[in-house]
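See below for the structure under consideration.
The values are calculated or read from the model by the stated rules, or taken from the named source; none is laboratory data. Everything numeric here is computed off the predicted structure, so don't read it as measured data. When we count neighbours, we look across all protein chains shown, and the Cβ atoms used for this are built from the backbone with ideal geometry, even at glycine. Just the protein is used for accessible areas: all its heavy atoms, side chains included, with ligands, DNA and RNA removed. Shrake-Rupley method; radii C 1.70, N 1.55, O 1.52, S 1.80 Å.
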Amino acid sequence: MTDPTPPVAILCGGRGARLQDHTRTIPKPLVEIGGLPIVWHVIRLYAQAGFRDFVLLTGYLGDQVEAFVAAHAWPEGVTVRCVDTGLDTPTGGRLHAAADALRPADGDGTGVFCATYADGVADVDLRALLAFHAAHDGAATMTVVRPELQFGITDLDGDDRVRGFREKPRSEHWVNGGFFVFDADVLDRLRPDHVLEHEPLEGLAADGRLRAYRHEGFWDCMDTYKDAVLLNDLWASGAPPWKTWS
C-alpha cells in the first residue's frame with residue numbers, strides 16, 4: 001500500500017489480572033502465541049493492511065515491552081515506538097497521555113487515528129473499516145463482534161421439553177471488539193481519569209457520533225489462560241484464522 005494510513009495506538013499498559021500465571025513476571029502484551037508476543041500478532045494484522053506507524057501505550061512492566069520493540073526486526077517501513085502512559089492509567093487516560101503522538105503532524109486537528117487492544121486478534125478487514133469510518137459523519141467507529149458463547153446451550157419448547165443442543169453458538173448480541181477509528185478531535189474529549197469504554201464512548205454514543213462496524217468473521221481475545229491455550233492451539237494447527245500475512 002502506498003497511500004497514507006493513520007497511526008495505530010495499541011493499549012499495552014494493563015496488568016492482565018486474569019492471566020496471572022503468565023503476567024506476574026511479564027506484561028500481558030508479551031504473552032506468546034506460537035512463540036511470539038500477542039502484540040506482535042496485532043501489529044502484523046495492521047502492517048499487512050498497509051499501516052506503518054504504531055504507538056504502544058505502555059504501563060505495567062512497560063520496560064519489557066520497550067525492550068522487545070527495540071530488539072525485534074519489524075517489516076520494512078514499519079515504525080513501532082512506545083509511550084509510557086503510567087502504571088495504573090485507565091484506557092482513555094492512556095490515549096490522552098499519547099495525544100501528541102496521535103494528532104496529525106500539521107496540528108490542525110483534522111485526520112484520524114486507529115486504536116485497539118494488545119490482546120485481541122481477528123480477520124477483520126482493516127482497510128474496509130477505515131473506509132467505513134470515512135463514509136459516515138460520526139467521529140468514531142467501533143468494531144463490534146458476536147463472540148462464541150463459553151458454553152453450549154439447551155433448546156427448550158413451551159412445555160420445557162428439551163428439543164436439542166447447540167455447541168457454543170454465537171451470541172445474539174454485539175460486543176465491543178476493539179479495532180477503533182477516531183477523528184483526531186476525539187482526543188479533546190479525553191481526560192487522564194477516563195476509561196475509554198465509559199465516559200468517552202458513552203458520550204459519543206449519546207451525541208450520535210459513534211458508529212458500529214459489524215465484523216462477522218473470526219475474533220478472539222486473550223483474556224484468560226484458557227484463551228491463551230486456544231489461540232496457541234489455533235496457531236499450531238497451521239491455519240490460524242487471524243493470520244492474514246504470508
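For this structure, a couple of remarks:
- Any hit, the range 111-126, residues being farther than 21 Å from Gly217 by Cα, touching a helix residue (DSSP H, G or I) at 6+ places or on another chain (Cβ under 8 Å) and not β-branched (Val, Ile, Thr): yes
- Taking the range 105-152 and the strands (runs of 3 or more DSSP E) fully enclosed by it, the elements with 1 or more residues that are among the hydroxyl-bearing types (Ser, Thr, Tyr) and either exposed (fewer than 15 other Cβ atoms within 10 Å of the Cβ) or modelled with pLDDT of 95 or more (or both) are at 112-117, 140-145.
- Test: Asp193 is of a type outside the set (A, V, I, L, M), under 28 Å from Arg94 (Cα atoms), in contact (Cβ under 8 Å) with a residue 60 or more places away in the chain and in contact with a Pro (Cβ under 7 Å, 6 or more places away or on another chain): yes
- Odd one out for Glu202 among (1) under 22 Å from Gly16 (Cα atoms); (2) more than 16 Å from the chain's Cα centre (by Cα): (1)
- Checked against (1) among the aliphatic types (A, V, I, L, M); (2) in contact with a strand residue (DSSP E or B) (Cβ under 7 Å, 6 or more places away or on another chain); (3) in contact (Cβ under 8 Å) with a residue 24 or more places away in the chain, Val69 passes all but a single condition, namely (3).
- Per-region count, the range 66-95, residues open to solvent by less than 70 Å² (accessible area, probe 1.4 Å), closer than 29 Å to Pro200 by Cβ and out of contact with any His (no Cβ under 7 Å at 6 or more places or on another chain): 12
- Residues that are among the aromatic types (Phe, Trp, Tyr) and either modelled with pLDDT of 80 or more or open to solvent by less than 80 Å² (accessible area, probe 1.4 Å) (or both) within the range 153-169 are absent altogether.
- Selection count where residues are modelled with pLDDT of 95 or more and over 16 Å from Thr143 (Cα atoms), scope the range 209-235: 5
- Residue within the range 48-60 that is closer than 25 Å to Ala212 by Cα and charged (D, E, K, R) present: yes
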